[in-house]
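Q: Right, I'll just put the structure down here and ask away after.
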Amino acid sequence: MIPPVDPQPLIELRGITRIFQNGEVATQVLHGVDLKIYPGEFVAIMGASGSGKSTLMNIIGCLDRPSGGQYFFDGRDVASFSADDLARLRREFFGFVFQSYNLLPGMSANANVEMPATYSGLSHEERHARAASLLGQLGLGERLHHKPNQLSGGQQQRVSIARALMNGGRIILADEPTGALDSRSGEEVMKLLQDLSQQGYTIILITHDAEVAAHADRLIEVRDGRVVADAGPAADRTAPAITNTIAHGTPSLADEMLAGGKTALRSLLGNVFRTVLTLLGIVIGVASVITMLAIGDGAKQAVVESISAMGSNLLLVRPGGPNQRGGRWGVSTLVPEDVAALNELPNLVAIPELTGGQTLRYDTEDHSAEVNATSSAFPIARQWPVAHGTFFNEEDESVYATVAVLGKTVADKLFGQRDPLGEYLIINNILFQVIGVMSERGASPMGQDQDDVVLVPFTTGSLRIFGQTFLRNITIAVSDPALMDATQAAAQELLLARHGTEDFTIRNMASLIDTVSQTQNTMTILLASIAAISLLVGGIGVMNIMLVSVTERTREIGVRMATGARQRHILQQFLIEALVVSALGGVIGVVLGLSATALVGFLGTPVSYSVMPVVLAFSCAFATGLIFGFLPARKAAGLDPVTALASE
């Protein structure tokens, strides 16, 4: 026997065993296999079903690890290789041709052939050109964009061979390549393998068919996990062994993300209905968060603005102490003299307020509104300017003048488009001349119309309308808001000294605004939390769908690993799919949430638009995809290649 040109075997197996453990039952498939394969050989490993030939091929192709013995590839012990090292071997040195073709159904012939090169660092242009060239050489130049189900069995196997050659590996492992083909297609495939052998490729053919095995230069027979016959290396081999001429590198992160994104979109579009159901949870969650936060912030802003419009520098003195039920006319102890005493204190302006509902009449028009008997300092204390005309003055108070200043609502109800200045209206059977109209104020925090009011001098109102001098409340405007607490303490001390008991309550409007803000913040957080539950449910839906996807695509994962994908490539692919789902759901949810917010605002509910809820909701959706997609992605990346390929 003439030794091969290269004395160094490319593949050397020493005492290889393989035991499969199923619970407590151990089944030994390979029993101490010794084998040497040299560069450029065309070897056929033949045996009946169950003889161990496919297990042997999986070990040779680094899809599986032996239970015992040593495997040397080009003189290097494969046992010391990590999972990524084995992936590099498969990517750079091996090409697989399977009996069932193992083409990815959602991808064109060209895309199937390109797939191994996405893991070897070739640019998109290089991948596309090389795949087209290989398919053209194999007679499929006009079938580049056909999907597997549009190709015959023989054509699919040619695509599989082109994929095996894509990365320029020098070893072709063909597992029953003609098993699913008719005789003519089988002959064509074997002719292709012979041509590749003549070009210097090392061909390892796995078959049970003696006629197919006869095409090889060397026949190795396997029976019951042992090599029972080996013709040895061919003596007349003259073709030089091929070397890998493809420049392998590490694909950039951008290329990996782009490839992963394309795969993700292809997978999502492959099952549109399931994708829509997956997106639904994310969409509802994001839209709910945005809408709820907008409503909560809008309600908070409306209440705070309404209270602030009354004056954040105000102190409101109401009858009734901490342990009393005050506020009723008969038990009020606040009197005009209290107002005069308070005005002696520095840093404040105090005004009396005596209010009650009355029926107003002008000509033939009647209208019920609130009448407020107060002082001439009312516009200053309440920061409420006159829009038309004037406000009554101290002289009007001293002479008990029957003059009135109208709120915007009263002016509209009684006078419509007419100018009310100088006109007379009847309050409690007394004629009052209109001398001014206040600026529009809007609704109060309690929803009451603040413009539905008539303001009259306190002296006139207490004597001629209400018939009493007890006050409904005293409003104190603090000149320097920084001294609010000190001013409140001084007013508290003064009134306590005058009354001898704490039969009044002082409310600080600044503190009230803070309290309302805190309450509204709590409600907003509650609403957002309820909405976030939808987002959480959507995330769980993403995880469930991705787990189902991993199960359905186990064979695809095996094919990708066989063509050189590392564990991180598989991890990236499924993570990107989860992120694409979440990001797409997030974008749709943002649009839907803003639309729902606009609709709610159009219907009259206060809403507040801000960037933060949108960013928060979208970020949560993205994080949801990352977190809930990690477990399925890790499961996919952790699959054993040979187990994945064997799945149905």
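Only the coordinates and a few stated rules stand behind these numbers; no lab work does. Keep in mind that this is a model prediction, so the values were computed, not measured. Cβ coordinates were reconstructed from backbone atoms using ideal geometry, including for glycine residues, and neighbour counts include every protein chain displayed.
Q: Could you name the lysines in cross-link range of LYS36, using Cα to Cα under 19 Å and dropping any fewer than eight places away on the same chain?
A: Leaving aside lysines fewer than 8 places away in the same chain, those within reach of LYS36 are LYS53.
Q: Under 5 Å between amide hydrogens, which residues at least 5 positions from THR505 or on another chain qualify, with H placed 1.01 Å from N in the peptide plane?
A: Under 5 Å from the amide H of THR505 lie the amide H atoms of ARG318, GLY320, each far enough along the sequence or on another chain.
Q: How big is the charge dipole of the stretch 11-250 about its Cα centre, in debye rounded to the nearest 20, if each Lys and Arg gets +1 on its Cβ and each Asp and Glu gets -1 on its Cβ?
A: Details: 22 positive and 27 negative charges, 66 e Å.
Roughly 320 debye, rounded to the nearest 20.
Q: Would you be so kind as to identify which of ILE60, VAL335, PHE391 lies farthest towards the positive end of the dipole of the chain, taking Lys and Arg as +1 and Asp and Glu as -1 on Cβ and the Cα centre as origin?
A: It is ILE60.
Q: Okay, moving on. Identify all aspartates and glutamates with a Cα-Cα distance to LYS262 below 18 Å; exclude those on the same chain that are fewer than 8 residues away in sequence.
A: GLU114, GLU125, GLU126, GLU556, GLU577
Q: Could you work out the local net charge near VAL550, counting Lys and Arg as +1, Asp and Glu as -1, over the other residues with Cβ closer than 14 Å to its Cβ?
A: It works out to a net charge of +2.
Q: Let me ask something else. State to the nearest 20 debye the size of the charge dipole of the stretch 334-502 about its Cα centre, where the only charges are +1 on K and R beta carbons and -1 on D and E beta carbons. Write down the numbers at each step before the final one.
A: Numbers: 9 positive and 23 negative charges, 44 e Å.
Here the size comes out at about 220 debye.
Q: If you don't mind, there's one more thing I want to ask. Could you give me the ³J(HN,Hα) list for the stretch 266-283, computed from phi with Karplus coefficients 6.51, -1.76, 1.60 and θ = phi - 60°, whole Hz, x at Gly and Pro?
A: Values, residue by residue: 4, 5, 5, 6, x, 9, 4, 4, 5, 4, 4, 5, 5, 5, 4, x, 5, 4 Hz.
Q: Once phi is turned into θ = phi - 60°, what whole-Hz ³J(HN,Hα) does the Karplus curve with 6.51, -1.76 and 1.60 give for every residue of the stretch 95-102, x standing for Gly and Pro?
A: x, 10, 10, 9, 4, 9, 6, 6
Q: Using only the alpha-carbon atoms, how far is helix 509-552 inclined from the longest principal axis of the chain? Give it as 0 to 90 degrees, nearest 10.
A: Around 20 degrees separate the two axes.
Q: Now for a separate question. If we count every other residue with Cβ under 12 angstrom of ALA411's Cβ, Lys/Arg +1 and Asp/Glu -1, where does the sum land? Could the numbers behind the result be given before it?
A: Numbers: positive: LYS408, LYS413, ARG418; negative: GLU365, ASP412, ASP419, GLU423, GLU440, ASP451, ASP452.
In short, -4.
Q: Could you tell me which of VAL550, VAL289, VAL587 has its Cα farthest along the dipole of the chain towards the positive end, charges placed at Cβ (Lys, Arg +1; Asp, Glu -1), taken about the Cα centre?
A: It is VAL550.
Q: A further question on this structure: For LYS408, which aspartates and glutamates qualify as cross-link partners when the Cα separation must be under 20 Å and same-chain residues fewer than eight apart are set aside?
A: GLU305, GLU353, ASP363, GLU365, ASP366, GLU370, ASP419, GLU423, GLU440, ASP449, ASP451, ASP452
Q: For the stretch 62-150, which GluC sites (Glu not before Pro) are both in a DSSP coil and crowded by at most 12 other Cβ atoms within 10 Å? Show your work: numbers first, answer last.
A: Values: sites: GLU92, GLU114, GLU125, GLU126, GLU142; in loops: GLU142.
Answer in residue order: GLU142.
Q: Starting from the amide H of VAL403, placed 1.01 Å from N in the peptide plane, find each other amide H under 5 Å away whose residue is 5 or more places distant or on another chain.
A: Long-range HN contacts for VAL403: GLN433.
Q: Further question on the same structure: Hey, can you grab everything whose amide H is under 5 Å from the amide H of ILE427? Only 5+ residues off in sequence or another chain; H modelled, so Pro and N-termini drop out.
A: The answer is PHE432.
Q: Tell me which of GLN448, VAL537, ILE430 sits at the most positive position along the dipole axis of the chain, charges placed on C-beta atoms (Lys, Arg +1; Asp, Glu -1).
A: VAL537
Q: Output the Kirkwood hydrodynamic radius of the stretch 334-502, Cα pairs only, in Å rounded to one decimal.
A: Details: mean 1/r = 0.0600 Å⁻¹.
So the Kirkwood estimate lands at 16.7 Å.
Q: Taking the Cβ of GLY136 as the centre, find all other residues whose Cβ is under 13 Å away and add up their charges (Lys, Arg: +1; Asp, Glu: -1). List each step's numbers first, then the result.
A: Working: positive: ARG130, ARG143, ARG158; negative: GLU142.
Once all neighbours under 13 Å are counted, the net charge is +2.
Q: What are the semi-axes of the equivalent ellipsoid for the chain, taken as the square roots of 5 times the Cα gyration tensor eigenvalues, largest first, in whole Å? Provide the component values of the computation, followed by the final result.
A: Numbers: eigenvalues 1740, 117, 63 Å².
Values for the chain, descending: 93, 24, 18 Å.
Q: Here's a follow-up. How big is the dipole moment of the chain about its Cα centre under a simple scheme where the beta carbon of each Lys and Arg is +1, that of each Asp and Glu is -1, and everything else is neutral? Debye, nearest 20, please.
A: Details: 46 positive and 62 negative charges, 409 e Å.
I would put it at about 1960 debye.
Q: Here's another thing I want to ask about it. Residue by residue through the stretch 220-226, what is 3J(HN,Hα) from phi via Karplus (6.51 cos²θ - 1.76 cosθ + 1.60, θ = phi - 60°)? Round to whole Hz and write x for glycine and proline.
A: Residue by residue, the stretch 220-226 yields 10, 9, 10, 9, 6, x, 10 Hz.
Q: While we're here: May I ask for the Rg/Rh ratio of the stretch 11-250, computed from Cα atoms with Rh as the Kirkwood radius, given to two decimals?
A: Working: Rg = 17.6 Å, Rh = 18.3 Å.
Ratio of gyration radius to Kirkwood radius: 0.96.
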